[in-house]
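Working notes for the structure below.
Taken together, the values in this text are just the output of simple stated rules run on the coordinates, not laboratory data. Fair warning: this is a prediction, and the values are worked out from it, not measured in the lab. With ideal geometry, Cβ positions are generated from the backbone for all residues, glycine too; neighbour counts draw on all protein chains shown.
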Amino acid sequence: MREKMKRMTASAMVAASAIVVVSPTLQVEAAINIKQLVVDAQNAGNVLKWAISVEGSADGITQPWEQFNNVKQAIGNAEAAIAKESFSERLKYESMLIEPKIQLQRAQGYLDAITASTKIHAKTNALSLAVQANNLEQVEKAYHEMTAEFRKQTILLDRVYGQSTRDRIRGAVKGPAEKLIAELKNDVTVHMLAKGAEEDMRKNRHTEAAKKINEAQAILNAETLRWENSLQARINNIQTILPIQVVSVSRVDNTTVLIKLNRSISSVKAAEFTANNGMTVSSATLSGDGFSVTLKTSVQLPGTVYTIKYKTSSVSFTVPGNISPIFIGDQTVQHKETTDVLALTAAFNNASNQSIRIDVPAGLKLISVNGVANNTAGSKSVNATTDNNGVVSIVFTAKDTSTPALDKTVSFHKISKNKVVESQTSGVFNLYSPAKEAAITKKKIRYIDIKNNYFVSTEGVKYSWKLYNDIFQNEGVNISLDSFKAELDIGDVINGTYHLTSSSLFNISANVSVAPVKLDTKFNVKAGTSGYRINASKIELKGTAQPNYELFFFQNNGLSIGKVKADSKGNWTFTANVETNSITDFSILQQPAGKAIPAFVGWGEVALRVIEGPFSIGEVSEGKTKDNDLDNEKITFTLAPIKYLNGAVLAQDQATISKQASIIVVDTDGTKVKYTNSQNKTVFATEKNAFSIDFGPINPKRNGEQLIDKGKDGKLSGPLSIVSIEGVTNEYGLMLKTKNGDQIINY
């Protein structure tokens with residue numbers, strides 16, 4: 001047993017000795033083999049690198065498959081050997097394979113690009129052969145096949161590494177292909193449009209056919225085509241059988257519209273166009289290309305839908321906006337544009353079917369009178385007749401949209417026995433012409449509308465500023481829009497440039513500083529009333545203005561009634577007459593002393609409407625119980641409206657009652673009693689257009705406080721005459737006036 005153990009130990013020692021000697025040699029040989037495999041892969045990659053580069057042997061045509069496969073095999077051999085090594089060894093050798101792998105990837109892009117270029121070249125040749133055959137149908141088919149292939153394959157051309165190599169491959173096929181596409185694109189497009197239009201005509205789709213024909217003709221007009229003559233002839237044949245139709249209409253202004261046709265025509269007449277709703281066509285102008293017609297029409301009314309018919313087709317358009325009303329005697333000056341359409345109505349009492357003369361000033365043009373077309377331009381008078389309600393209505397506009405009509409009024413005169421027996425005049429209105437693109441040179445301001453973002457020059461031209469990109473200056477220094485608005489005054493001089501859509505420049509080159517005309521606050525017109533109320537034949541106006549300036553006073557639509565000069569502190573006073581039972585409108589202007597009376601009114605003025613007439617009782621209601629006892633009776637006193645001398649109502653007062661308001665009544669036997677608000681249960685109360693008194697009981701024991709005179713029996717009976725009413729006023733403090741005949745009956 002021991003001998004056996006000795007022999008086994010000896011054998012193990014020999015074996016161990018053999019391992020120690022052999023293992024290092026094998027490891028060195030294996031390492032050398034892996035390194036050589038990696039070097040082989042690197043060398044193969046370097047060869048491939050130059051085979052796919054124009055700086056080497058690449059020609060952009062030959063595919064280096066042998067070099068590609070050598071690299072691929074060398075990398076595979078190296079990776080198989082490396083896989084048996086430790087992790088650290090694998091990392092070392094794998095990093096050495098990065099470069100040949102990159103070259104392999106780049107070579108794949110190079111090979112794909114040459115394959116793609118071959119396909120593109122084949123399709124390009126096919127298209128060239130179709131062109132040589134002079135067959136447009138074949139050209140269109142080959143064109144679509146070639147462009148589809150081109151779109152698909154050019155992606156691969158752009159993946160080649162290296163600018164010069166990429167350009168070599170692309171230059172071989174991409175340039176010629178793109179050149180051929182560009183040469184044939186328009187011919188193919190027009191050919192397709194012509195075929196599509198012919199199909200549309202077969203199916204009676206005339207609008208669609210016209211669109212294709214117009215598109216094709218636009219290309220024929222703009223480009224030179226290989227098959228231009230044959231394609232033009234084909235388009236002409238379709239146009240010949242295509243019915244002429246109106247395809248659209250656009251409104252230029254209130255007397256101009258633009259008609260678009262589906263195809264070109266050579267001539268046109270105004271009589272060929274008809275319209276509805278009273279619109280007439282006076283002229284028709286054909287555009288140079290024959291596709292558009294400009295129509296001059298009668299004035300188009302805002303809010304109206306018009307339909308224009310031409311041959312077998314028609315189009316409709318709606319005029320935007322509303323007709324702006326102008327009112328008789330309106331103290332507010334109206335600011336409109338020359339493109340606006342205005343309406344004015346005059347009503348005469350008890351005057352149905354009466355003769356009326358309408359004075360139309362220069363610069364205006366009538367459109368209709370009482371709904372009947374009437375195209376009369378001022379300055380002229382037009383005769384009309386009131387309707388069954390005594391009303392005459394007119395619609396009018398500016399005579400010329402480019403010419404302002406400033407400070408205008410329209411008057412109506414009722415005629416009886418060849419004499420004017422009653423006249424009514426509109427408020428003042430201005431029709432401004434919109435500014436055109438041009439330089440703004442020393443334009444003086446006559447009117448400003450900050451809210452609506454515009455000013456008007458003294459010539460009547462309206463300049464609108466844009467909120468987003470206009471430039472604002474004051475004496476050459478840039479300022480904000482808010483500052484510009486604050487600095488802008490009537491009389492300022494503006495320079496700059498005006499553009500409708502692009503940036504405009506507004507420079508206040510000369511500032512005018514004038515204190516505004518102010519009326520004394522006592523003349524403020526109270527909310528809900530029609531004007532400042534008085535009951536007198538004269539009114540004393542007072543207020544402040546620019547010191548030492550002259551103030552000019554105008555009455556009722558421009559009648560000059562005098563002037564006064566403000567003192568050194570700007571204070572002024574002016575006494576004026578007012579008409580009885582009527583409205584009197586005052587306008588006040590100021591200017592430096594010594595100048596002539598202003599030639600116009602209606603801008604920059606302070607205005608005041610004064611209504612003259614008594615504040616009095618119109619009707620007194622009867623009692624409820626009819627027992628000759630006012631106790632607990634509620635009597636309503638309706639306030640008389642203020643009326644013109646002809647009986648028409650011009651204003652209605654409302655009552656204001658004081659805490660000490662009272663009424664004194666007397667009966668036929670002399671018994672006189674005073675009732676006071678809030679005493680002995682008597683209550684005065686306001687009502688719409690009236691006031692009421694809820695009477696309390698008479699109390700003789702209170703020292704005669706209410707019983708003023710006992711008369712014969714100390715009791716009220718029969719009709720009660722109203723002696724006075726105290727403490728009841730209108731909004732402006734006018735005391736209520738009683739008159740003979742004001743009585744309380746049946747109580």
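Structure notes:
- Taking each residue as 0.36 nm, the span from LYS565 to SER128 lengthens on full extension beyond its C-alpha to C-alpha distance by 147.8 nm.
- Contact order normalised by residue count of the range 545-639, Cα under 8 Å, 6+ apart, percent: 25
- Relative contact order of the chain, defined on C-alpha pairs under 8 angstrom at six or more residues apart (%): 6
- Cross-link reach list, lysines versus LYS35, counting only Cα pairs under 25 Å and skipping chain neighbours closer than eight places: LYS49, LYS72, LYS84, LYS92, LYS101
- Each of TYR447, SER537, LEU37 was placed along the dipole of the chain (beta-carbon charges, centred on the mean Cα), and the one lying farthest toward the positive end is LEU37.
- 25 Å Cα-Cα threshold exceeded, pairs from LYS522/LYS739; LYS526/LYS565; LYS443/LYS569; LYS715/LYS739: LYS522/LYS739; LYS526/LYS565; LYS443/LYS569
- C-alpha long axis of helix 98-132 to longest principal axis of the chain, angle in °: 70
- With 27 Å as the limit on Cα-Cα distance, the pairs of LYS624/LYS688; LYS365/LYS442; LYS518/LYS643; LYS538/LYS672; LYS414/LYS563; LYS336/LYS419 that go past it are LYS365/LYS442; LYS518/LYS643; LYS538/LYS672; LYS414/LYS563; LYS336/LYS419.
- For the range 403-417, the Karplus equation 6.51 cos²θ - 1.76 cosθ + 1.60, evaluated at θ = phi - 60°, returns couplings of 10, x, 10, 10, 6, 9, 9, 10, 10, 10, 10, 7, 10, 9, 6 Hz by residue, with Gly and Pro reported as x.
- Nearby aspartates and glutamates by direct alpha-carbon distance to LYS260 (threshold 12 angstrom, same-chain neighbours under 8 apart not counted): ASP289
- The magnitude of the dipole of the range 246-318, with charges of +1 and -1 set on the Cβ of Lys/Arg and Asp/Glu and taken from the Cα centre, is near 140 debye.
- 12 Å beta-carbon shell around PHE523, net charge (K/R +1, D/E -1): +4
- Helices in the chain, meaning DSSP H runs of at least 4 residues, each add -39500 (n - 2.57). Divided by all residues, the mean residue ellipticity at 222 nm is -10000 deg cm²/dmol.
- The value of relative contact order for the range 246-318, using C-alpha pairs under 8 Å at least six residues apart, is 34 percent.
- Amide H to amide H, with H built 1.01 Å from N, ASP653 comes under 5 Å of ILE642, counting only residues 5 or more places away or on other chains.
- What you get for the chain, charging only the Cβ of Lys and Arg (+1) and of Asp and Glu (-1), is a dipole of about 860 debye around the Cα centre.
- Counted by neighbouring Cβ atoms within 10 Å, the residues GLU633, GLU272 run from fewest to most as GLU272, GLU633.
- Nearest-ten-degree value, helix 87-96 long axis tilted from longest Cα axis of the chain: 80
- ³J(HN,Hα) computed for each position of the range 714-722 - Karplus, 6.51 cos²θ - 1.76 cosθ + 1.60, integer Hz, glycine/proline x: x, 10, 7, 7, x, x, 10, 7, 8
- The angle between the Cα long axis of helix 206-222 and the longest principal axis of the Cα atoms of the chain comes to about 70 degrees, rounded to the nearest 10.
- Projecting the Cα positions of SER621, VAL728, GLY378 onto the charge dipole of the chain (unit charges on Cβ atoms of Lys, Arg, Asp and Glu, taken about the Cα centre) puts GLY378 furthest along the positive direction.
- Gyration tensor verdict on the range 435-510 (Cα atoms; rounded if a/c is under 1.5, prolate if a/b is larger than b/c, oblate otherwise): rounded
- Residues with amide H under 5 Å from that of LEU406, placed H, sequence gap 5 or more: LEU431
- Computing semi-axes √(5λ) of the Cα gyration tensor in Å for the structure here picks out one of (i) 43, 30, 25; (ii) 51, 44, 23; (iii) 99, 45, 29, namely (iii).
- Applied to the range 227-242, the Karplus parametrisation 6.51 cos²θ - 1.76 cosθ + 1.60 on θ = phi - 60° returns per-residue 3J(HN,Hα) values of 9, 4, 5, 5, 5, 4, 4, 5, 5, 4, 4, 5, 4, 4, 9, 7 Hz, with x for Gly and Pro.
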